[in-house]
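Accompanying notes for the structure given below.
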């Protein structure tokens, strides 16, 4: 469930991971910061935003940990952003030896 923490700023706290997605009210919708959660938690966040009438217009990842770069179809097909290092690290994680069955 989203909770207001400042004017125009909401958070959704992950029960399982104990981290937050930050939701900032914008003119056409909301950008999300660090939206990576489990499926049920992301569904809850998406439902809360639908109830508020706030479509997701962008996603931002502050760093490349998996719980910050994940996305879910329930959040829509908004563009997603991160630093160049975040993108490079995530790309490496997706194509590196651990993904192909190599050592962890």
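The values are calculated or read from the model by the stated rules, or taken from the named source; none is laboratory data. It should be emphasised that the depicted structure is a prediction, and the values quoted were computed from it without experimental measurement. Here Cβ is always computed from backbone atoms with ideal geometry, including for glycine, and neighbour counts include all displayed protein chains.
Screening the stretch 19-33 for residues that are over 10 Å from the mean Cα position of the chain (by Cα) and without any contact (Cβ under 8 Å) to a residue 24 or more places away in the chain and picking the one that is surrounded by the most Cβ atoms within 10 Å (Cβ to Cβ) gives 24. Those strands (runs of 3 or more DSSP E) of the stretch 19-95 in which at least 3 residues are at pLDDT 85 or above, considering only elements entirely within it, cover 30-33, 56-60.
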